[in-house]
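A quick write-up on the structure given underneath.
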Amino acid sequence: MPRALASRRRAVSALGLLLQITLITVGVFLGLLADEWREGRQERALADSTLQRFRVEVAANREAVQAVLTYHRDLRDRVSLFVESSSPKSFQAFMTQTQFGGIRPVIFEESAWDIAVATGSLGYIDSELAFEISRTYTAQTKLELMQQTFAQSSLAPATFAAPDLTGLGITMAAYLTDVTRQEPQILEHYAALTAALDDAVGPAAPSDSVD
C-alpha cells in the first residue's frame, strides 16, 4: 500500500475517532444539562406547591387568631377588674364578673410546615422567604407554649375548687396580657408573609382563600 494512502487512511481514522469522542462528549454534556433541567423543574414545582400550602395554612391560622382576638382582650379587662374589685373572689363571682367562656386557645395548623421539613422543600425556596416563614411559625410556637403552660399550671380542677380565686385571677390576667400582645404581632407576621407568598407564586385564587 502506498505510503500516502496509508497516511491518509490513518488521518481519516484519527479524525473519525476524534469525531466520535466529540459526539460522545457532547451527548454526555447534553444529557447532564437535560438532567439538571429536569431536576430544576422538579425543584421549582416542589417549591411552588410548598408555598401554595403555606399560603392556605397561613390564611387558616390568621382566621383562627382573629376569631379570638376580641374575646381575649375583653376577658383580660374583665379579669383585671375582678382582681381589683373588693367583692369576694368566689367561683360564682368570678364566673359572673368575667363572663368566663373558657380560655379559647388558638389551635394552629402546621401540616404545611411539617411537610416542608420532611421533604426538604424549604431548601428550594428563596432564603428571605424561608426566613419569614420560619419566623412566623416560631411566633406561633411561642404562643402555643404559653397556652399549654398556663393550661397545665392554672386550669386544674383543684384550682376552681379553692374558695378564693384571687390567685387564679392574677395569673390569668397576666397570661391574657401576654396573649393579647402576642396575637397582634402574629397577625403582622401573617400579613408580611402573605404578601411575600403572593409575590412568589402570584395572587391566591378564590378557591385558595379561607372564607
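Each reported figure results from applying straightforward, stated rules to the coordinates on display, with no laboratory input. Source: prediction; values computed, not measured. So basically every Cβ, Gly included, is an ideal-geometry build from the backbone, and we count neighbours across all protein chains shown.
Cα centroid distance between segment 171-190 and segment 100-149, in Å?
Going from one Cα centre to the other spans 16 Å.
At a Förster radius of 45 Å, what calculated FRET efficiency corresponds to the Cβ-Cβ distance of residue 200 and residue 84, to the nearest 0.05?
Computed FRET efficiency for residue 200 and residue 84: 0.40.
Is the shape of segment 37-146 best called rounded, prolate or oblate, per the rule: a/c under 1.5 gives rounded, else a/b larger than b/c gives prolate, else oblate, with a ≥ b ≥ c the square roots of the Cα gyration tensor eigenvalues?
In terms of gyration-tensor shape, prolate.
Between residue 100 and residue 162, what length comes free when the chain is fully extended (0.36 nm per residue of separation minus the Cα-Cα distance, one decimal in nm)?
Extra length available between residue 100 and residue 162 comes to 20.6 nm.
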